[in-house]
Ligand SMILES: Cc1cc2nc3c(=O)[nH]c(=O)nc-3n(C[C@H](O)[C@H](O)[C@H](O)COP(=O)(O)O)c2cc1C
């Protein structure tokens, strides 16, 4: 089933393999270059079912924390994305744009405006460490509007949808997590209130795009700065986290794990994607070290190809619908074709050199 077509809303995917969103820092001044377009087109030629772009910084003054990350807030950047989308479509691919706000990872001195500090739910960048700006209701409103207008740009550019990056400790996850959200207004307090920020984003995005345009959400338990953190200790808590944004109109959820074979809650062998799908009943993507023998801890560590039997089995048992592949697709644009043909020994291993280049 993994290599067979799958219908995501009205989008006909040629298989159930998704390219995971991966920042490449190769878009000077926020503009994706022709090399970026070729890099994505190569994965479409390599028969990836659905490409999710690297995180694109939303058009908000505090969204940026890393150099040469693409944006949408200039004509040049949007024209650059048009070329990316055209290239992917030429080779019968599908593509979703990931929208990203770095939240507390931003520090004073960073571009584009060095005077703008990191923005977070309560000024906290980790539990007990208050060095960022605590977002006012006005800041929240402006940020929601940035997601909505960027989603509209994405639809006009020709993307098939957007994925809201709510994972890994960045802004939305900073709101989700009780360790960093101690607000006492409608955006903090209970789990449900901590989900209100992303729920409002989903509602705003949905109101500005057509019904067929796909709106997804990526979330994780783990944070960049705390691999053991959890938003939910039980399936019941997970339901409280994910259902408000699902009910606001999400078309899929993307459960970001570091090792997709690990069980999520006590007394069950099932992973986060399984529980996500069981609770939400909407299409779910699983990700985390699929096809590689080294876990996603240090992105510069080398990793060798391994069998994907477990992923194939999970998909055939309908535990979740789609599998995302990250580092293995940086290493080898033809990963899907080679895997489909059982040519494991022809796969290119992942190395930090592959990370530095854009092939
Ligand atoms: C170089 C690199 C950049 C990444 N950038 C992003 C990103 O922009 N957005 C995101 O949600 N995850 C990002 N991730 C995480 C990946 O999407 C994926 O979840 C992770 O690599 C685990 O999958 P893998 O084991 O198949 O590589 C990045 C990972 C890598 C290796």
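Each reported figure results from applying straightforward, stated rules to the coordinates on display, with no laboratory input. It should be emphasised that the depicted structure is a prediction, and the values quoted were computed from it without experimental measurement. In this analysis, Cβ positions are derived from the backbone assuming ideal geometry, glycine residues included, and neighbour counts consider all displayed protein chains.
Some observations on this one:
- Sorted largest first, extent of region 193-317 alpha carbons per principal axis (Å): 44, 32, 30
- With contacts taken as Cα pairs under 8 Å at a separation of at least 6 residues, region 32-163 carries a relative contact order of 28 percent.
- Sites residue 184 and residue 68 - FRET efficiency at Förster radius 41 Å, r taken between beta-carbons, to 0.05: 0.60
- Relative contact order (%) - criterion: Cα under 8 Å, at least six apart; region: the chain: 15
- Region 218-289 and region 178-207 have Cα centres spaced 17 Å apart.
- DSSP beta bridges in the chain [antiparallel fraction, %, rounded to 5]: 20
- Spin-label pair residue 192/residue 76, simplified geometry with 7 Å Cα→Cβ offset, distance in nm: 4.8
- Note on 225, 165: ascending count of other Cβ atoms within 10 Å places them as 225, 165, the fewest first.
- P(r) histogram, all alpha-carbon pairs of region 49-205 included - 10 Å bins from 0, percent: 11, 40, 32, 14, 2
- Computed Rg/Rh of region 1-104, alpha carbon atoms with Kirkwood Rh: 1.00
- Three-way shape label, region 20-61, alpha-carbon gyration tensor, a/c 1.5: oblate
- Cβ crowding within 10 Å ranks 293, 314, 269 as 269, 293, 314, fewest other Cβ atoms first.
- Applying 1/(1 + (r/R0)^6) with r as the Cβ-Cβ distance of residue 233 and residue 281 and R0 = 25 angstrom yields a FRET efficiency of 0.70.
- Chain lengthening between residue 294 and residue 344 when straightened (0.36 nm per residue, less Cα-Cα): 16.4 nm
- Kirkwood hydrodynamic radius computed over the chain comes to 20.2 Å, based on all pairs of distinct alpha carbons.
- Taking 85, 116 and counting other C-beta atoms within 10 Å, the order from fewest to most: 116, 85
- Summed over qualifying helices (DSSP H, 4 residues or more, each -39500 (n - 2.57)) and divided by its residue number, the chain shows a 222 nm mean residue ellipticity of -9500 deg cm²/dmol.
- When peptides 321-330, 245-254 are sorted by average Cβ neighbour count within 10 Å, with the highest value leading, the order is 321-330, 245-254.
- For residue 130 and residue 212, the FRET efficiency from 1/(1 + (r/R0)^6), where r spans their Cβ atoms and R0 equals 45 Å, is about 0.55.
- Mean-position separation - Cα centroids, region 1-36 and region 49-83, in angstrom: 14
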